[in-house]
1. Does at least one position in the stretch A:249-257 carry a residue that is buried (at least 17 other Cβ atoms within 10 Å of the Cβ), within 14 Å of the chain's Cα centre (by Cα) and hydroxyl-bearing (Ser, Thr, Tyr)?
2. Please find, within the stretch B:192-214, the residue that is surrounded by the most Cβ atoms within 10 Å (Cβ to Cβ) out of those that are touching a helix residue (DSSP H, G or I) at 6+ places or on another chain (Cβ under 8 Å) and charged (D, E, K, R).
3. Filter the stretch A:313-330 down to residues that are touching a strand residue (DSSP E or B) at 6+ places or on another chain (Cβ under 8 Å) and among the small types (Gly, Ala, Ser), then give me how many there are.
4. Between A:218, A:191, which is more than 14 Å from every other protein chain (Cβ to nearest Cβ) and closer than 18 Å to residue A:44 by Cβ?
5. Under the condition of being in a loop (DSSP other than H, G, I, E, B) and not small (Gly, Ala, Ser), which residue from the stretch B:4-18 is nearest to residue B:61 (Cα to Cα)?
6. Report the residue count in the stretch A:43-57 for those that are within 18 Å of residue A:180 (Cα to Cα) and assigned to a loop (DSSP other than H, G, I, E, B).
7. Look through the stretch B:286-324, keep the residues that are more than 10 Å from chain A (Cβ to nearest Cβ) and closer than 25 Å to residue A:125 by Cβ, and return whichever of them is farthest from the chain's Cα centre (by Cα).
2 protein chains.
Amino acid sequence: MTTSAPAVVGMPLAAVDTPALILDLDAFERNLSRMADALRGKPVRLRPHAKSHKSAEIALRQIAAGAVGVCCQKVSEAEALVAGGVTDVLIANEVVGEGKLDRLAALARKAKLAVCVDHAQSVSDLDAAASRAGVKIDVLVEINVGADRCGVEPGAPALAIAQAVGACTSLRFCGLQAYHGGAQHVRSVAERRAAIGGAVELVRATRALLESGGIACETVTGAGTGSFPLELASGAYDEVQPGSYIFMDADYNRNEFDAAWPRFEQSLFVWTTVMSRPNAARAVVDAGLKASSVDSGMPQVWQRPGVEYVKASDEHGVLAIAPGARPPTLGEKLLLVPGHCDPTVNLYDWFVCVRRGVVEALWPVSARGALR
Amino acid sequence: MTTSAPAVVGMPLAAVDTPALILDLDAFERNLSRMADALRGKPVRLRPHAKSHKSAEIALRQIAAGAVGVCCQKVSEAEALVAGGVTDVLIANEVVGEGKLDRLAALARKAKLAVCVDHAQSVSDLDAAASRAGVKIDVLVEINVGADRCGVEPGAPALAIAQAVGACTSLRFCGLQAYHGGAQHVRSVAERRAAIGGAVELVRATRALLESGGIACETVTGAGTGSFPLELASGAYDEVQPGSYIFMDADYNRNEFDAAWPRFEQSLFVWTTVMSRPNAARAVVDAGLKASSVDSGMPQVWQRPGVEYVKASDEHGVLAIAPGARPPTLGEKLLLVPGHCDPTVNLYDWFVCVRRGVVEALWPVSARGALR
């Protein structure tokens, strides 16, 4: 079910078939550099989140630009990344189920691997799998710093889980996963500052409690594209995990950013064709919700004032054309900025990598559909 | 980028890895029968929409149950269906771009193929492609019957496009595509009846205009799962195109259905594992918005009163547990009803087909990701 690539290397963008996922390489590389600049000289490591790109090609470029490794969410993503040459992966998530744990333990023979836990049962199941495989696995305790998703509560409950990890023969306690997912898309900097301030307090208190109990907390890791300068400045984090910064999307572009923070630019697009021009006020493109995820709002038409993507159905996008706007013509191709980059990437098998209007490379989305 | 199957034939459902797309074969087959019963003895053909399932295996079963063929939205879907043995496909959509038109014309040598047009330029481009390939292609003129998406306006504008098709040497005018997409998810039967009543008037008037101009209108085709009994009863349609009836989803299940209409049952599910139990009121499952599309609302937990799927992030679903409800346990597997079946199917490579708790077959989602 892998689809054929919509382009060949050397082709002009104009000739690329649609819908296609386009990566502007110049913008992507500038984003890599901006992140490297932001972390230069700081005692904080970069471990970008690979759930955004699901691509070993991109992970290797992030590592070449200074990242220590990547994180991901699923064992199958980690398998695809390791198969593609990545040697240091944190599964920044809980893994439950014997089959998955056995695959995780097998993978720990091939790469430096770590995983999160938030429950005593998961600790013993993971220890059993590591023991069966004859490996020692690095473990972080995930604490709930405000997102109210996974994660044990900070303080004493986290200490109990860390102690349980410490008591296992095939696990090694490495620290805390403390990601505030709920803060990333809060629009105002002030509100994000308050949310991350709260997370930092919880991290400090939990770290102190662990250390007072004789448990060294080697690594505190977390943060995303919307908040990482705050975790970076806090002094409480050893590692940051931004993912979307390489691509950006319509939803992140709606965030307010502090003037002192690095400003990432849009590098990811959906390439689409105008397939119907029913009247003067409406055009229809061939990229609907199977081509650009709408969970965080509609895609936006790139650099085309007065032309707005207003409605997505399975295979159609309806554009409203304002009076006086330059109307898209039948057959014309347009760039869309996805509403949310991560699930949009997951709809495609290929990044069509373009530099100054010419296709330079085709990178497989090697963990596309890797849900397990 | 095709993922491995999450199951093997003969395995109990309980052992199937998660997330996985589950098809309850008994319910699916009953849905096939209900649709056959609804059309029996009626002078209307069934041409189910394959955009919902993207599977040649399912298309062939629909045809065995009485369908004349299927429809789909993209040339690449048609290619996958024909490669899987389907011999009669209507691309119920416009196709724009020389590369796509050449592929469409090549496919017309291998199967009975038809396609829609709604613009004079598209007519001449399609004619040129058919002529290059040395084939004659069946064409339907799509008219806008209220959805305000693609489609030429009914009446004189539609006549002009039909005349343009008639003047082409490599095209054959076959009739009208008249699908009211906007009516399918209107909740009340009365409102859907009014919307389809309006569509039927436009169809009748346009057909009469064409026939008065000497253009025979062999086929009027359209309708979906939410409305097809109305088109069926109208006498104005020769063919109906329901897609979701084989699966159903949370959004269609919210529709009011007339007591006299066939009542389809839920056959499609996402199989998911409880991966975190942070507190008494919250569970987190491993199926987020990359595992179940949320464009039409959240998935629903199947037959688990008091347990509600309230929030989806990329790889997590948060369940709220009401006081007194039986709480899901860590590692427990649950069935989810997808919010919207079509884009959810498109996230998977395999249907895990289950009968009475045992995996009976694995069907590939052969047109998964077929966007072009």
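Read the figures in this text as sums done on the coordinates, not as results from a lab. Please read all numbers here as calculations on a predicted model, not as lab measurements. Methodologically, a virtual Cβ is constructed for each residue, glycine included, from the backbone with ideal geometry; neighbour enumeration extends over all protein chains shown.
1. Checked the stretch A:249-257: at least one residue is buried (at least 17 other Cβ atoms within 10 Å of the Cβ), within 14 Å of the chain's Cα centre (by Cα) and hydroxyl-bearing (Ser, Thr, Tyr).
2. That would be B:192.
3. 4
4. Sole residue among the options that is more than 14 Å from every other protein chain (Cβ to nearest Cβ) and closer than 18 Å to residue A:44 by Cβ: A:218.
5. That would be B:9.
6. 6
7. B:321
Rundown of residues vs (1) in contact with an Asp or Glu (Cβ under 7 Å, 6 or more places away or on another chain); (2) closer than 30 Å to residue B:158 by Cβ; (3) of a type outside the set (D, E, K, R); (4) part of a strand (DSSP E or B), yes/no style:
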| residue | (1), (2), (3), (4) |
| --- | --- |
| B:210 | no, yes, yes, no |
| B:214 | no, yes, yes, no |
| B:220 | yes, yes, yes, yes |
| B:233 | no, yes, yes, no |
| B:289 | yes, no, yes, no |
| B:296 | yes, no, yes, no |
| B:308 | no, no, no, yes |
| B:314 | yes, no, no, no |
| B:323 | no, no, yes, no |
